[in-house]
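Inspection log for the structure reproduced underneath, given as structure tokens.
The values are calculated or read from the model by the stated rules, or taken from the named source; none is laboratory data. Here the structure is a predicted model, which means the values were calculated and not measured. So basically every Cβ, Gly included, is an ideal-geometry build from the backbone, and we count neighbours across all protein chains shown. Just the protein is used for accessible areas: all its heavy atoms, side chains included, with ligands, DNA and RNA removed. Shrake-Rupley method; radii C 1.70, N 1.55, O 1.52, S 1.80 Å.
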Amino acid sequence: MRIGIFCPNWVGDSVMAIPFINSLRHLYPNAIILAICKSDVEPVFQNHPSINGIIQFEKKDLSGIKATADSGRNLKAHDFDLFYLLSDSYRAAYLAYKSESPIRIGYPGQGRTGMLTKAVLRPKNKMHRHLQYINLIEKELGNYNYYDPGIVLKDKEKDWAKRELSKLELVDPITFSPFSVASSRTIPQSKAISILKNVDEQDVLILGGVDDSSSSKKMVNILQKNNIRSIAGDYSLRQSIALISQCKGAIASDSGLGHISANIGVPTVSLFGAGDPDLTKPIGKNVFVINQNVYCSPCLKNTCDNKKDPLLCLKKIESGSPLQLLSNI
């Protein structure tokens, strides 16, 4: 049997998709399973033993109907018997439809139901996103531990990260990831600075993407602490995963990097803004969620529309609590 999985488009969601992939491998131990994803999230799935390979698309490959149709037709060569859709987008279903896989399973919506051979009804009760993915699988998993393995790093990647931290003159640092693709989940700069002001001798590594670099460096300049470094935008996602794996703890917004640290076993404090922790909190053995649950929470919006108290959910976090909680995990 040959199985294709169209993975989620965001890093955090892709991390939450790993239990689904493990579950599928458990149910089909001899199948050829391929992860199909955008190149932005491909590093999450590298070297994972539950998949036989990765098919990645660049943004241009899925921009517009013609490009998506061409990409879908290219998938025909893989001769999939079964195609799962973990993305709810119309584009993902159209891609699967063009692959001509005889069985295409996903949730309905966005006018895509006709391109699925089986549209699974969404659970009526509130369910964490990783369980929503697993809900697409019909068969009983029993007591199977679908959390393990998580993101897989090779020894040479871990060794590289150890050397890199040494070059940065950092000893047992914690990572601080205040940014998110959604402004309603990004910790306001004033709050981020107030959190970091509680740092004494602990080394801190500020992580983020290229777009976060200037804000990150501005925070470092304001704080004037030699033990706080910014590497936002300096490393690839895969390199950032390796660096996080060698840190003693993590403080993160509701973002992909927070899901990564939790998934690979790094003690993580997750700061929630607009999101609902019951749906998308990071999965891990040593995770603590700070959710102020203010009167407008959870709004689930990417942009805060609280005109009276903008970003109240994040601004209300006590500045000393993330470091204090991390020290207790």
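Selection of segment 113-129 for residues being assigned to a loop (DSSP other than H, G, I, E, B) and either modelled with pLDDT of 95 or more or of a type in the set (A, V, I, L, M) (or both) yields LEU116, THR117, VAL120, LEU121, MET127, HIS128.
One residue stands out among those in segment 130-157 that are of a type in the set (Lys, Arg) and farther than 18 Å from VAL44 by Cβ: the one that is modelled with the lowest pLDDT, which is LYS139. Among the residues of segment 94-101, not a single one is crowded, with 22+ Cβ neighbours inside 10 Å and within 21 Å of PRO19 (Cα to Cα). Residues that are out of contact with any Pro (no Cβ under 8 Å at 6 or more places or on another chain) and of a type outside the set (A, V, I, L, M) within segment 314-329 comprise LYS316, GLU318, SER319, GLY320, SER321, PRO322, GLN324, SER327, ASN328, listed in sequence order.
Quick one: which helices (runs of 4 or more DSSP H) lie wholly within segment 1-92 and hold at least 2 residues that are open to solvent by 60 Å² or more (accessible area, probe 1.4 Å), of a type in the set (Lys, Arg) and out of contact with any Cys (no Cβ under 6 Å at 6 or more places or on another chain)?
Per the criteria, 65-75.
Once segment 188-202 is narrowed to residues that are in a loop (DSSP other than H, G, I, E, B) and open to solvent by 10 Å² or more (accessible area, probe 1.4 Å), the residue that is nearest to SER327 (Cα to Cα) is GLN202.
Taken over segment 171-181, the criterion of being buried (at least 19 other Cβ atoms within 10 Å of the Cβ) and of a type outside the set (Val, Ile, Thr) is satisfied by PRO173, PHE176, SER177, PRO178, PHE179, SER180. The residue that is most open to solvent (accessible area, probe 1.4 Å), among those in segment 305-329 that are out of contact with any Cys (no Cβ under 8 Å at 6 or more places or on another chain) and hydrophobic (A, V, I, L, M, F, W, C), is ILE329.
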